[in-house]
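First the structure, in the form of structure tokens, and then the observations on it.
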Amino acid sequence: MAGIKADPQSGSQADSPSEVQVKPLSVDVRGLQRVGARPGFVDYVVQVWNYREFIFYDAKSRVQSGNRRDRLGSIWLILNPVLNGLTYFLIFGLLLGTGGGIENFIGYLVIGIFLFQYSSRAITNGGRSIQQNRAVIQAFSFPRATLPIAVNLRELLANIPVFIVMVLIVLVIPPTEEISWLGLLIIPALLLQSIFNLGVGLILARVISKVNDVVHLLSFALRAWMYASAVFYSYERFIDQPVLLEIIQLNPLFNVLDIVRDVLLYNTVPDWQSWAVLSCWALGALAIGSVYFWRAEETYGRG
């Protein structure tokens, strides 16, 4: 602090520090933002898009490193649904006879098991993505939605060989089916299924990050969902029960299975109602899940 100078003419001191007037300085803080603050939703979506290379790299690297400790490695991605399909075929197909009236029950069951397990894995792992990456969230600043998105992309990439095997089983195991150009409709059906998985995963990611007990309930909910989706029986057995039939036909997983079975097993164009119901579920889940997850962006990793 500079010293106090004396007035050479009067010999008196300058004004004392207590008499100095402090002038207020105006600062424009409109461009400032609190560290860790939640951005607007549109800005948040842009931030997530800017991390697209990280999302793809993380998903790809985890696919390559998954099951590395197992001797069979990634082959287990195919063996798991195959063995599950064989188990369900023995129990429900042979012992309980739920395949009555279904011409190609093996293909019917394989499509149901393979696609259900895809959704089950994607939703479960997406829902646990925040909880399992808490240390990363606390150490780095990035949009948290990239974690469940990367998980769902990883599951999609990992299941591409599974989908190919599913088609090969339908083509090879008797009674074999002939697949036409309609088989290409599998692609939009799987994309809509993936979007639905992501939306549900975003919702569960926020819930499980706050209440870990939901993880234990999730397996029961998924099992009930499988039983309600006509995975190993025909929905036509409820033709005399219109309420139950309506519930099944509004089920997003049932509509995925119905579309894929139509094009692979029956070589028919799926009903537009199936596409409409599945699209509403997929886009609705993504919209609700994105907003719901974004609103808690500041809280992830705390506590």
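The values are calculated or read from the model by the stated rules, or taken from the named source; none is laboratory data. Everything quoted here is computed from the prediction, not taken from an experiment. Backbone-built Cβ (ideal geometry, glycine too); neighbour counts: all protein chains shown.
Filter region 121-178 for residues that are hydroxyl-bearing (Ser, Thr, Tyr) and under 21 Å from SER219 (Cβ atoms) and give the result.
Of everything in region 121-178, those that are hydroxyl-bearing (Ser, Thr, Tyr) and under 21 Å from SER219 (Cβ atoms) turn out to be THR124, SER129.
Identify the single condition in (1) in contact with a Gly (Cβ under 8 Å, 6 or more places away or on another chain); (2) among the polar types (S, T, N, Q); (3) closer than 30 Å to ILE173 by Cα that ASN267 does not satisfy, given that it satisfies every other one.
Against the list (1) in contact with a Gly (Cβ under 8 Å, 6 or more places away or on another chain); (2) among the polar types (S, T, N, Q); (3) closer than 30 Å to ILE173 by Cα, ASN267 comes up short only on (1).
Could you check region 175-272 for helices (runs of 4 or more DSSP H) lying wholly inside it with 2 or more residues that are small (Gly, Ala, Ser) and within 25 Å of ALA158 (Cβ to Cβ)?
Result: 186-210, 214-227.
Rundown of residues vs (1) at pLDDT below 80; (2) more than 20 Å from the chain's Cα centre (by Cα); (3) at positive phi; (4) of a type in the set (Ser, Thr, Tyr), yes/no style:
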{"site": "GLN33", "(1), (2), (3), (4)": "yes, yes, no, no"}
{"site": "PRO39", "(1), (2), (3), (4)": "no, yes, no, no"}
{"site": "ALA59", "(1), (2), (3), (4)": "no, no, no, no"}
{"site": "GLN64", "(1), (2), (3), (4)": "yes, no, no, no"}
{"site": "GLY73", "(1), (2), (3), (4)": "yes, yes, yes, no"}
{"site": "THR98", "(1), (2), (3), (4)": "yes, yes, no, yes"}
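Condition test on ALA287, is it in contact (Cβ under 8 Å) with a residue 12 or more places away in the chain, closer than 17 Å to LEU191 by Cα and among the hydrophobic types (A, V, I, L, M, F, W, C)?
In short, yes.
So in region 159-170, with the set limited to residues that are surrounded by fewer than 13 Cβ atoms within 10 Å (Cβ to Cβ) and either modelled with pLDDT under 85 or under 13 Å from LEU264 (Cβ atoms) (or both), which one is nearest to the chain's Cα centre (by Cα)?
That would be ILE164.
Looking at GLU155, GLU178 in this structure, which one is surrounded by 19 or more Cβ atoms within 10 Å (Cβ to Cβ) and acidic (Asp, Glu)?
None of the other options fit; the residue is GLU155.
Looking at region 251-272, which of its residues are free of Cβ contacts under 8 Å to residues at least 12 places away in the same chain and more than 18 Å from SER180 (Cα to Cα)?
Once the filter is applied, which keeps residues that are free of Cβ contacts under 8 Å to residues at least 12 places away in the same chain and more than 18 Å from SER180 (Cα to Cα), region 251-272 yields only TRP272.
Return the total of residues in region 147-174 being under 26 Å from ILE55 (Cβ atoms), out of contact with any Lys or Arg (no Cβ under 9 Å at 6 or more places or on another chain) and not in a helix (DSSP H, G or I).
0
Considering only residues that are in contact with a Phe, Trp or Tyr (Cβ under 7 Å, 6 or more places away or on another chain) and at pLDDT 90 or above, look in region 142-152 and name the one that is nearest to THR299 (Cα to Cα).
Checked region 142-152; the qualifying residue nearest to THR299 (Cα to Cα) is ARG144.
If LEU77 satisfies all but one of (1) buried (at least 19 other Cβ atoms within 10 Å of the Cβ); (2) at pLDDT 75 or above, what's the number of the condition it fails?
(2) is the only condition that LEU77 fails.
Table: residues versus (1) among the aliphatic types (A, V, I, L, M); (2) touching a Pro at 6+ places or on another chain (Cβ under 6 Å); (3) in contact (Cβ under 8 Å) with a residue 40 or more places away in the chain.
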| position | (1), (2), (3) |
| --- | --- |
| ALA122 | yes, no, yes |
| ARG128 | no, no, yes |
| GLN132 | no, no, no |
| SER141 | no, no, yes |
| ALA145 | yes, no, yes |
| ILE149 | yes, no, yes |
